[in-house]
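What follows is a set of notes on a single structure, which appears directly below.
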Amino acid sequence: MIYFDNGATTFPKPREVTEAVRQAMTRYGANPGRSGHDLSIQTSNKVYQSREAAATLFGVDDPSEVVFTSNCTHAINTALKGLLRPGDHVILSDLEHNAVLRPIHTLSQNGIIGYDIATTYAEPRDTVESFHRLIRPDTRLIVCTHGSNVFGIRLPIEELALLCREMDLFFLVDAAQTAGVLEINAPRIGIDFLCTAGHKGLYGPSGTGLLVTALGSSLDTLTEGGTGSFSVSFEQPLEMPDRLESGTVNTVGILGLGAGIAFVQQKGAANLYRHEMRLAQEIFQQIKKLPQVILYTPDFAQGSHLPVLSFNIRGMASEEVTEALSRQGFALRGGLHCAPLAHRKMGTLEQGAVRISVGAFNTRDQALKLCDAIKKTCRRS
Amino acid sequence: MGNPTILMSSLTSALRAQKLLEQRGIYSYIRKIANNQKLGGCGYGLEIQGDVNSVLNILQVAGIRVLGVL
């Protein structure tokens with residue numbers, strides 16, 4: 001099977017990640033942050049190394065600002081529900097994943113907050129202006145994906161962060177598709193809450209995610225419980241990361257994630273991005289020539305796009321296409337990609353879209369074989 | 001009398017402090033502390049070999065919170 005579904009989760013994982021997971025199961029088996037024996041402290045130290053690696057990757061000085069979560073959705077929910085208060089207004093983009101849309105919509109349905117959706121444009125200035133127009137006196141937060149999980153469109157988070165600073169708003173970025181692919185220095189950009197998956201561009205195991213924030217102590221908590229600290233108190237500690245990490249952490253996942261981050265740092269996010277974009281661009285140029293293929297962006301350029309590309313074949317449902325490609329040995333995702341706003345924007349809410357998402361281990365040969373398979377599928381349509 | 005132990009607000013803080021001190025050539029050992037009033041229960045301390053005041057100064061400059069010294 002040739003795997004082009006890296007936007008869902010990257011596969012295969014680097015050998016170092018598999019080894020770190022094996023070590024977590026065989027060598028670092030104690031509960032970190034609970035006991036005082038050497039094995040517990042050694043395990044805690046390994047968890048800390050992963051925390052430190054994530055802090056370094058995202059430009060954060062203090063590793064206690066890194067919270068391990070179970071995925072990006074968990075990180076987003078932790079930040080949104082911890083921050084938002086009755087009467088707050090939120091602005092999000094029209095490319096958001098359900099991980100953002102659903103918690104915000106739920107808070108709105110429960111009468112707690114209001115929200116508006118900003119239209120995004122190819123020109124960053126227009127996108128920023130679109131957000132700016134929706135700001136109201138009660139607006140407290142802008143939430144924005146760093147890049148669309150369906151169409152690979154990158155959003156101008158640097159400019160939006162500037163807008164948030166000017167208007168005294170909090171800024172949350174969903175970096176599920178970009179962490180490990182694009183350089184992100186959260187404090188320098190001005191991101192208050194950086195949420196990401198650990199199992200996508202950071203090459204960790206599934207069941208891992210990150211929330212990076214200097215504001216953790218001020219958030220209300222989604223979950224309370226044991227933290228191994230201030231244990232007499234009935235109150236959840238303010239101390240980070242304990243405040244947002246109740247219960248035993250996912251040691252196996254976190255150690256694997258640390259190895260995944262080390263892999264990204266060793267290769268360099270910029271190099272990984274260039275490699276993946278070259279393949280995605282080659283696929284884009286090849287399939288653009290096929291009259292049956294529908295593409296959703298006029299170009300597919302380094303800088304403005306991620307190595308995530310969606311298409312359809314006229315007369316076929318997206319799931320039919322992915323099924324036909326699966327039979328030819330290719331793993332791609334079809335359907336709605338948990339992003340109804342993005343599909344509504346591109347007119348693919350009914351048909352869905354076939355998504356090609358490139359990873360570090362894909363090769364040019366695999367990309368060319370995929371193009372051939374798409375050509376064959378077109379002939380059947 | 002043994003070496004002084006600095007009471008830390010979390011294990012993550014203790015690990016951060018330990019690493020920082022290691023960079024300055026100061027050896028420390030992380031200990032679990034049982035039910036201490038300053039820790040608000042059980043928690044972790046950093047047993048150090050060296051001058052406690054200079055260590056406290058290093059931690060303060062780095063913004064690492066300390067809850068007390070045993």
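If you go through the range A:8-26 and keep only what is exposed (fewer than 13 other Cβ atoms within 10 Å of the Cβ) and assigned to a loop (DSSP other than H, G, I, E, B), you end up with just A:Pro12.
The residues on offer are A:Ala367, A:Ala360, A:Ala324, and the sole one that is in a loop (DSSP other than H, G, I, E, B), at pLDDT 95 or above and surrounded by 15 or more Cβ atoms within 10 Å (Cβ to Cβ) is A:Ala360. Residues that are hydroxyl-bearing (Ser, Thr, Tyr) and in contact with a strand residue (DSSP E or B) (Cβ under 8 Å, 6 or more places away or on another chain) within the range A:324-376 comprise A:Thr348, A:Ser357, listed in sequence order.
Condition check ((1) loosely packed, with under 15 Cβ neighbours inside 10 Å; (2) of a type in the set (A, V, I, L, M); (3) free of Cβ contacts under 8 Å to residues at least 24 places away in the same chain) across all residues:
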{"position": "A:Gly303", "(1), (2), (3)": "yes, no, no"}
{"position": "A:Glu320", "(1), (2), (3)": "no, no, yes"}
{"position": "A:Arg344", "(1), (2), (3)": "yes, no, no"}
{"position": "A:Arg355", "(1), (2), (3)": "no, no, no"}
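Against the criterion of being free of Cβ contacts under 8 Å to residues at least 24 places away in the same chain and either basic (Lys, Arg) or out of contact with any Ser or Thr (no Cβ under 9 Å at 6 or more places or on another chain) (or both), A:Arg34 does not qualify. The one condition from (1) at pLDDT 95 or above; (2) of a type in the set (Gly, Ala, Ser); (3) farther than 30 Å from A:Gly329 by Cα that A:Ser35 does not meet is (1). Selection of the range A:79-105 for residues being farther than 10 Å from A:Leu172 by Cβ and among the small types (Gly, Ala, Ser) yields A:Gly82, A:Gly87, A:Ser93, A:Ala99. Among the conditions (1) modelled with pLDDT under 95; (2) touching an Asp or Glu at 6+ places or on another chain (Cβ under 8 Å), the only one that A:His337 does not satisfy is (2).
For the residues A:Ala53, A:Ala122, the requirement of being aliphatic (A, V, I, L, M) and within 14 Å of another protein chain (Cβ to nearest Cβ) singles out A:Ala53.
In this structure, does A:Ser233 turn out to be among the small types (Gly, Ala, Ser), surrounded by 23 or more Cβ atoms within 10 Å (Cβ to Cβ) and within 11 Å of chain B (Cβ to nearest Cβ)? No: the conditions fail for A:Ser233. Looking only at residues in the range A:6-31 that are within 16 Å of A:Thr251 (Cα to Cα) and of a type in the set (Lys, Arg), the one that is farthest from the other protein chains (Cβ to nearest Cβ) is A:Arg22. When the strands (runs of 3 or more DSSP E) confined to chain B are screened for residues that are facing another protein chain (nearest Cβ under 9 Å) and not small (Gly, Ala, Ser), those reaching at least 3 such residues are found at B:28-36. The set of residues from the range A:32-48 being assigned to a helix (DSSP H, G or I), within 9 Å of chain B (Cβ to nearest Cβ) and of a type outside the set (A, V, I, L, M) comprises A:Ser40, A:Ser44, A:Asn45, A:Tyr48. Against the test of being of a type in the set (Gly, Ala, Ser) and in contact with an Asp or Glu (Cβ under 9 Å, 6 or more places away or on another chain), the options A:Ala54, A:Ala30, A:Ala20, A:Ala24 yield a single qualifying residue, A:Ala30. For the range A:253-262, check the following and say yes or no: at least one residue is away from chain B (no Cβ under 14 Å), modelled with pLDDT of 95 or more and surrounded by fewer than 17 Cβ atoms within 10 Å (Cβ to Cβ). There is no residue in the range A:253-262 that is away from chain B (no Cβ under 14 Å), modelled with pLDDT of 95 or more and surrounded by fewer than 17 Cβ atoms within 10 Å (Cβ to Cβ). I'd like to check something: does the range A:233-241 contain any residue that is more than 23 Å from B:Gly43 (Cβ to Cβ) and modelled with pLDDT of 95 or more? No, the range A:233-241 has no match at all. The conditions of being crowded, with 21+ Cβ neighbours inside 10 Å and in contact with a helix residue (DSSP H, G or I) (Cβ under 8 Å, 6 or more places away or on another chain) are not met by A:Ala79. Restricting the range A:282-309 to residues that are farther than 21 Å from A:Pro156 by Cβ and of a type in the set (S, T, N, Q), the residue that is nearest to the chain's Cα centre (by Cα) is A:Gln285.
The values are calculated or read from the model by the stated rules, or taken from the named source; none is laboratory data. The shown structure was predicted, so the numbers you read here are calculated from the model rather than taken from an experiment. All Cβ positions, even for glycine, are placed from backbone atoms using ideal geometry, and neighbour counts span all protein chains on display.
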